[in-house]
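The next block holds one structure in the form of structure tokens; read it before the comments.
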Amino acid sequence: MSGKPRLTYLNGRGRMESIRWLLAAAGVEFEEIFLETKEQYEKIIKDGILMFQQVPLVEIDGMKMVQTRAILSYVAGKYNLYGKDLKERALIDMYVEGIIDLMQMILMFPFSPPEAKEKNLDSIKERATNRYFPVFEKVLKQHGQDFLVGNKFSWADVQLIEAILAVEEKVPAVLSGFPQLQVILLLSINMPTIKKFLQPGSPRKPPPDEHYVETVLKIFSK
Ligand SMILES: N[C@@H](CCC(=O)N[C@@H](CS)C(=O)NCC(=O)O)C(=O)O
């Protein structure tokens, strides 16, 4: 093995995308194995590699890690993106969990039935604008620092930037009432590691299309 973390998931965003973001933001290169068939997925289950028969799977530092949040917090801790003490870490956890709740709506959106799409899109817009983005706008405004926690770039910032860009893909003007978020977005997308991740040809995955949705349904159908 090359020593690089090895990620096993589908060739699409899903639950793995935040892990790709965090590794990329930390400047860590990784390898990927893409599941394309149910047989491939069943084989890794049969081999006993997936603790709960679920992906994402990340092989890192001799471990076969599953559970998205466990993987993310390991990576955040390992690469100094997890605050300087327990209190900063608690804050990062709260921010991240909030953003993950918003991202969950975005994750499920492509699987909405056609008649529910408009309503679900409205809910994403409503939640982003009225519940989640105002929190981060206020935090940044109140402490006047560049980043969310401890005046230092952290996992919380990475998660926020991923979420902002994901919401903007669906609701382009969503940041118009959030000047602080515009600033942190600009600052972050110009950081060398993130800039690289946002360039074509990087491991960042495109928004889910019909083929991705079909592949997910095919692989995970019972
Ligand atoms: N709590 C787990 C959930 C993982 C999960 O639901 N993964 C899906 C793919 S995105 C899966 O493997 N589904 C198959 C199954 O649950 O049987 C995590 O956050 O990693």
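The values are calculated or read from the model by the stated rules, or taken from the named source; none is laboratory data. Worth saying up front: this structure is predicted, and the values here are computed from it rather than measured. All Cβ positions, even for glycine, are placed from backbone atoms using ideal geometry, and neighbour counts span all protein chains on display. For accessibility, only protein heavy atoms count, side chains too; no ligands or nucleic acids. Shrake-Rupley method; radii C 1.70, N 1.55, O 1.52, S 1.80 Å.
Cross-linked pairs Lys43/Lys152; Lys152/Lys205; Lys64/Lys218; Lys196/Lys222; Lys125/Lys196; Lys64/Lys119: Cα-Cα separations exceed 31 Å for Lys43/Lys152; Lys196/Lys222; Lys64/Lys119. Remark: segment 88-104, residue by residue, has Karplus-estimated 3J(HN,Hα) of 5, 5, 4, 5, 4, 4, 5, 4, 4, 4, x, 5, 5, 4, 5, 5, 4 Hz, where x stands for each Gly or Pro and the curve is 6.51 cos²θ - 1.76 cosθ + 1.60 at θ = phi - 60°.
Under the simplified labelling scheme, the Asp146-Glu32 pair shows an inter-label distance of 2.8 nm, with each label point 7 Å from Cα along Cα→Cβ. Taking a ≥ b ≥ c as the square roots of the Cα gyration tensor eigenvalues, the chain comes out oblate, since a/c reaches at least 1.5 and a/b does not exceed b/c. Applying the Karplus relation 6.51 cos²θ - 1.76 cosθ + 1.60 with θ = phi - 60° to segment 12-21 yields 3J(HN,Hα) values of x, 5, x, 6, 7, 4, 5, 5, 4, 4 Hz, where x marks Gly and Pro.
Our coupling estimate for segment 53-70, obtained by passing each phi through the Karplus curve with A = 6.51, B = -1.76, C = 1.60 and θ = phi - 60°, is 6, 10, 9, x, 10, 10, 8, 8, 6, x, 10, 10, 8, 10, 6, 3, 5, 4 Hz, Gly and Pro reported as x. How much area per residue is accessible in the chain when the probe is 1.4 Å and only protein heavy atoms are counted (Å²)? Solvent-accessible surface per residue comes out at 54 Å².
Of the heavy-atom accessible surface of the chain (probe 1.4 angstrom), what whole percent is carbon and sulfur?
On the way: 6590 of 11950 Å².
Exposed carbon and sulfur together represent 55 percent of the surface.
Averaging the Cα positions of each part gives two centres, and for segment 198-222 and segment 158-175 these lie 18 Å apart. Amide hydrogen proximity for Lys152: with H placed 1.01 Å from N in the peptide plane, the residues at 5 or more positions away or on another chain lying under 5 Å are Phe147.
If you keep only loop residues by DSSP, which chymotrypsin sites (Phe, Trp or Tyr not before Pro) in segment 1-57 have at most 12 other Cβ atoms within 10 Å of their Cβ?
Loop-located and lightly packed - Phe52.
For segment 13-122, GluC sites (Glu not before Pro) meeting the loop criterion (DSSP other than H, G, I, E, B) and having at most 13 other Cβ atoms within 10 Å: Glu29, Glu36.
Given the rule -39500 (n - 2.57) for each run of at least 4 DSSP H residues, summed and divided by the residues of the chain, what is its mean residue ellipticity at 222 nm, to the nearest 500 deg cm²/dmol? Walk me through the numbers before you get to the answer.
Values: 10 runs with 118 residues, N = 222.
It lands at -16500 deg cm²/dmol.
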